[in-house]
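Asks: Just dropping this structure here.
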Amino acid sequence: MTTAAVSTEAHVAQNYSPLPVTVASGEGAWVTDVEGKRYLDLLAAYSAVNFGHRHPELVSTAKAQLDRVTLVSRAFMSDRLEPFAEALARLCGKEIVLPMNTGAEAVETGIKVARAWGYRVKGIAPGKARIVVAAGNFHGRTTTIVSFSDDDSARDDFGPYTPGFDVVPFGDADAIAAAITDDTAAVLVEPIQGEAGVIIPPEGYLTRVREICTEKNVLFIADEIQAGLGRVGETFACDREGVVPDLYLLGKALGGGILPVSAVVGDRDVLGVIRPGEHGSTFGGNPLAAAVGLRVVEMLETGEFQERARTLGAHLDAGLQKLLGHGVTAVRVAGLWAGVDIDPARGTGREISEKLMERGVLVKDTHGQTIRIAPPLVIRSTEIDWALEQLRLVLEG
Ligand SMILES: Cc1ncc(COP(=O)(O)O)c(C=O)c1O
């Protein structure tokens, strides 16, 4: 097969503006394109590949499950589901797990749970439940989720929009308190906003959100789909403030970089409001997903990956700080996750991303002047140094 034959341009809908790299294989923190050129992957599928490409333990877990059973009717539970759910609930310090597939489905599930809880437990009048969300959010691409996005490219021409959401500035706990009424069922936030450019809220924000939600009898839903599962140097981004939400929304890395796996995790008095037959998915919690998800949880239970994200993240941070004033105007780092604002005089985020790609480093631009860095947590410090050197050279022009 020639390179042209595998080009993405002819038959793939143009709903992304990808960097011109057609990836053929991957291992660890590296991917290889169809022509054999290697790239250090500093994006890791937007944090979905926290354990590296084709992590041997995850691949062997998946292969073993492929030899047993991969999909069963939802009328039956597989022998992988309960161990997965038990382990994930334990990791979260919660009681039960509702498995889904994509991140957006986990968010949709969280919204449904919050509304049902609002009506059945809190006593909100039918059809009145509201959810407070933050400006600049990214929770996925379904019609309900884009209804409360303030990103025009996510929303425009996709209405009519789903009502029932109140948007307040991110990082402003007082604004959340002011927006809550008797009809509010939940506050839904990313503990760190990923797609917005790794926006870290002021210290104490999550603590305050927790207090407000408890005081006002409102659920606190943390979308940890991108921030969670080791990325920030803790198991969850909420752990940075020792905060426990009512519901965790998880996805991306939960599938070990092998397949889509997402979940909503909470206690029985909240998540248990969903009754048999009310919600589900053909693929949610399937044997292959559960087997891989269980192995992911076991890997996180050792704390090794959180530790790597902490120490290597500090290393990344130190390197990025040196670029401040040299083509970089701001740096925000949480574990192995960084938003880097580029001086417009040196180019746009997109231009810098393309030049880095030419040098064998994959990053992604966001919001014009920002590049995002989220390498697999298996990356080595020497690889980070090399990538930072490429960034320095690109910024030097
Ligand atoms: C915080 C957050 N929530 C939800 C999603 C949606 O996940 P998915 O693309 O798997 O639907 C994303 C994806 O980037 C995300 O970053």
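The values are calculated or read from the model by the stated rules, or taken from the named source; none is laboratory data. Keep in mind that what you see is a predicted model, and the values were worked out from it rather than measured. We place every Cβ from the backbone using ideal geometry, glycine too, and count neighbours over all the protein chains shown. Heads up: the accessible areas ignore ligands, DNA and RNA and are worked out on the full protein's heavy atoms, side chains in. Shrake-Rupley method; radii C 1.70, N 1.55, O 1.52, S 1.80 Å.
Asks: List the strands (runs of 3 or more DSSP E) that sit entirely inside segment 241-348 and contain at least 3 residues that are farther than 22 Å from L377 by Cβ and outside the structural domain of L91 (by TED's automatic domain parsing).
Replies: 328-333
Asks: In addition: Within segment 136-168, how many residues are under 22 Å from the mean Cα position of the chain (by Cα), away from the ligand (no atom under 16 Å from the Cβ) and without any contact (Cβ under 8 Å) to a residue 24 or more places away in the chain?
Replies: Looking only at that region, the number is 1.
Asks: Can you find, within segment 312-327, the residue that is surrounded by the most Cβ atoms within 10 Å (Cβ to Cβ) among those that are under 22 Å from the mean Cα position of the chain (by Cα) and without any contact (Cβ under 8 Å) to a residue 24 or more places away in the chain?
Replies: Among those that are under 22 Å from the mean Cα position of the chain (by Cα) and without any contact (Cβ under 8 Å) to a residue 24 or more places away in the chain, it is D317.
Asks: Among the residues of segment 261-268, is any crowded, with 24+ Cβ neighbours inside 10 Å and either charged (D, E, K, R) or at pLDDT below 95 (or both)?
Replies: We begin by selecting, within segment 261-268, every residue crowded, with 24+ Cβ neighbours inside 10 Å; these are 261-266.
Those still in the list that are either charged (D, E, K, R) or at pLDDT below 95 (or both) too: none.
Scanning segment 261-268 turns up no residue that is crowded, with 24+ Cβ neighbours inside 10 Å and either charged (D, E, K, R) or at pLDDT below 95 (or both).
Asks: If Y46 satisfies every condition in (1) open to solvent by 60 Å² or more (accessible area, probe 1.4 Å); (2) more than 16 Å from the ligand (Cβ to nearest atom); (3) not acidic (D, E) but one, which is the exception?
Replies: Every condition holds for Y46 apart from (2).
Asks: Let me ask something additional. Scanning for something away from the ligand (no atom under 16 Å from the Cβ), open to solvent by less than 80 Å² (accessible area, probe 1.4 Å) and in contact with a Gly (Cβ under 7 Å, 6 or more places away or on another chain), does segment 59-69 turn up at least one residue?
Replies: Checked against the condition, which is being away from the ligand (no atom under 16 Å from the Cβ), open to solvent by less than 80 Å² (accessible area, probe 1.4 Å) and in contact with a Gly (Cβ under 7 Å, 6 or more places away or on another chain), segment 59-69 yields no hits at all.
Asks: Same structure again: Could you please give the count of residues in segment 100-114 that are away from the ligand (no atom under 12 Å from the Cβ) and either under 14 Å from the mean Cα position of the chain (by Cα) or open to solvent by 20 Å² or more (accessible area, probe 1.4 Å) (or both)?
Replies: 1
Asks: Oh, and also: Against the condition farther than 21 Å from E224 by Cα, open to solvent by less than 30 Å² (accessible area, probe 1.4 Å), away from the ligand (no atom under 16 Å from the Cβ) and not in a loop (DSSP other than H, G, I, E, B), how does L88 come out, does it pass?
Replies: Considered against the rule, which asks whether it is farther than 21 Å from E224 by Cα, open to solvent by less than 30 Å² (accessible area, probe 1.4 Å), away from the ligand (no atom under 16 Å from the Cβ) and not in a loop (DSSP other than H, G, I, E, B), L88 comes out as no.
Asks: Taking only segment 209-224 into account, find how many residues are more than 24 Å from A106 (Cα to Cα) and open to solvent by less than 80 Å² (accessible area, probe 1.4 Å).
Replies: Counting residues in segment 209-224 that are more than 24 Å from A106 (Cα to Cα) and open to solvent by less than 80 Å² (accessible area, probe 1.4 Å) gives 0.
Asks: Filter segment 202-229 down to residues that are in a loop (DSSP other than H, G, I, E, B) and within 11 Å of the chain's Cα centre (by Cα) and give me whichever is farthest from the ligand (Cβ to nearest atom). Outline the logic, then answer.
Replies: If we filter segment 202-229 for residues that are in a loop (DSSP other than H, G, I, E, B), which is where we start, we get 202-204, 216-218, 224-229.
This time we only want the ones that are within 11 Å of the chain's Cα centre (by Cα), so: 224-229.
On the way: E224: 8, I225: 4, Q226: 4, A227: 7, G228: 9, L229: 12 Å.
Out of the qualifying residues, it is L229.
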